[in-house]
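The values are calculated or read from the model by the stated rules, or taken from the named source; none is laboratory data. These numbers were taken from a predicted model, which means no experiment stands behind them. Cβ placement follows ideal geometry from the backbone for every residue including glycine, while neighbour counts extend to all protein chains displayed.
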């Protein structure tokens with residue numbers, strides 16, 4: 001197949017490029033490097049089946065090549081510090097960027113897959129979160145630029161499916177981690193690992209009772225590939241249902257790297273969800289998919305990746321979200 005991936009230089013995007021090239025497909029990557037990393041693109045430039053376009057999908061999508069089989073829309077800042085630094089760009093890529101990607105898929109008769117997020121559930125009043133839950137989102141808070149951009153992206157994706165017949169898929173991604181994460185993204189996994197590797201206390205915002213469910217990137221990629229192979233247009237949660245408090249997670253990182261480190265507490269971040277856990281019954285029944293990589297195994301692989309590249313500075317303050 002010929003697959004175009006927006007946000008191909010991002011964390012998840014680069015793993016998708018790797019998987020599809022390994023499976024023998026042709027991949028066109030597109031990114032403007034607002035939050036993507038050039039070194040992720042450089043991993044694949046020598047591959048004969050990879051082509052890269054540097055462009056902002058919010059403005060236009062300048063693809064003029066052969067017929068595409070799939071368009072995967074993964075372009076967007078994804079961590080709270082990044083999307084709060086670029087709120088307008090985040091809204092634009094969720095709105096105009098999604099429409100441009102949908103138009104391209106429609107023109108080529110290609111399938112379209114939207115990377116949505118568990119953040120559409122906001123600070124949920126239902127736990128765990130099934131796809132049928134409509135969410136509890138602050139529409140004008142500091143996180144709304146991301147939350148509402150993704151909610152709109154889901155709406156326009158379903159509109160293109162219903163009104164124009166585009167063969168769409170929607171995934172709602174829960175906290176995902178692994179090699180190639182931006183070391184300065186300010187999310188809990190990266191911050192805790194960096195602090196521990198520097199011998200610093202691990203900083204928790206709030207009392208640490210808020211929960212998250214952590215999914216290794218290889219499991220997410222497998223779920224995406226499986227969803228592309230079935231015809232199903234409603235949203236599908238992809239996440240690991242193993243739930244941890246932030247305090248528990250901090251202790252896991254500390255014990256993995258340096259058990260002597262302290263854990264400290266600071267003021268809670270605004271609109272930080274109190275709990276997050278996916279209901280994955282739909283993915284399990286539809287795709288035969290469940291996460292395979294344990295948290296300890298995934299964290300060990302991620303820590304080794306960070307150790308190998310430990311000179312990247314931490315630019316953002318910590319947050320408990322991801």
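Of note:
- The lone criterion from (1) buried (at least 22 other Cβ atoms within 10 Å of the Cβ); (2) outside any helix (DSSP H, G or I) left unmet by residue 220 is number (2).
- Only listed residue being touching a residue at least 60 places away in the same chain (Cβ under 8 Å), under 30 Å from residue 42 (Cα atoms), part of a loop (DSSP other than H, G, I, E, B) and out of contact with any strand residue (DSSP E or B) (no Cβ under 6 Å at 6 or more places or on another chain), chosen from 226, 180, 231: 180
- Residues in the stretch 183-196 that are touching a helix residue (DSSP H, G or I) at 6+ places or on another chain (Cβ under 6 Å) and in a helix (DSSP H, G or I): 192, 193, 196.
- Hey, residue 135 crowded, with 19+ Cβ neighbours inside 10 Å and either in contact with a strand residue (DSSP E or B) (Cβ under 7 Å, 6 or more places away or on another chain) or within 20 Å of residue 11 (Cβ to Cβ) (or both) or not: no
- Residues being in contact (Cβ under 8 Å) with a residue 40 or more places away in the chain and either within 21 Å of residue 172 (Cα to Cα) or over 17 Å from the mean Cα position of the chain (by Cα) (or both) - total across the stretch 33-52: 2
For every residue, the table says whether it meets (1) under 30 Å from residue 139 (Cβ atoms); (2) at pLDDT 95 or above.
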{"residue": "249", "(1), (2)": "yes, yes"}
{"residue": "270", "(1), (2)": "yes, no"}
{"residue": "297", "(1), (2)": "no, yes"}
{"residue": "320", "(1), (2)": "yes, no"}
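- Highlighted here are the strands (runs of 3 or more DSSP E) found entirely within the stretch 1-90 that include at least 1 residues which are surrounded by fewer than 20 Cβ atoms within 10 Å (Cβ to Cβ): 2-6, 26-31, 50-54.
- For the stretch 110-126, a tally of residues being in a helix (DSSP H, G or I) and in contact with a helix residue (DSSP H, G or I) (Cβ under 6 Å, 6 or more places away or on another chain) returns 2.
- Failed condition for residue 260, given (1) more than 19 Å from the chain's Cα centre (by Cα); (2) under 19 Å from residue 296 (Cβ atoms): (2)
- On inspection, residue 267 qualifies as touching a residue at least 40 places away in the same chain (Cβ under 8 Å) and out of contact with any strand residue (DSSP E or B) (no Cβ under 6 Å at 6 or more places or on another chain).
- Residue within the stretch 286-299 that is farther than 29 Å from residue 134 by Cβ, touching a strand residue (DSSP E or B) at 6+ places or on another chain (Cβ under 6 Å) and in a loop (DSSP other than H, G, I, E, B) present: yes
- Residues satisfying the stated conditions in the stretch 22-54, i.e. closer than 21 Å to residue 110 by Cα and touching a strand residue (DSSP E or B) at 6+ places or on another chain (Cβ under 6 Å): 25, 26, 27, 28, 29, 30, 49, 50, 51, 52, 53
- Residues (touching a strand residue (DSSP E or B) at 6+ places or on another chain (Cβ under 6 Å) and in a strand (DSSP E or B)) located in the stretch 151-177: 168, 169, 170, 171, 172, 173, 176
- Output for the stretch 97-128, where each listed residue is within 16 Å of residue 280 (Cβ to Cβ), over 17 Å from the mean Cα position of the chain (by Cα) and in contact (Cβ under 8 Å) with a residue 24 or more places away in the chain: 124, 127, 128
- Some residue of the stretch 143-151 being farther than 10 Å from residue 94 by Cβ and touching a helix residue (DSSP H, G or I) at 6+ places or on another chain (Cβ under 9 Å): yes
- Selection within the stretch 127-150 - closer than 15 Å to residue 241 by Cα and part of a loop (DSSP other than H, G, I, E, B): 127, 128, 130, 131
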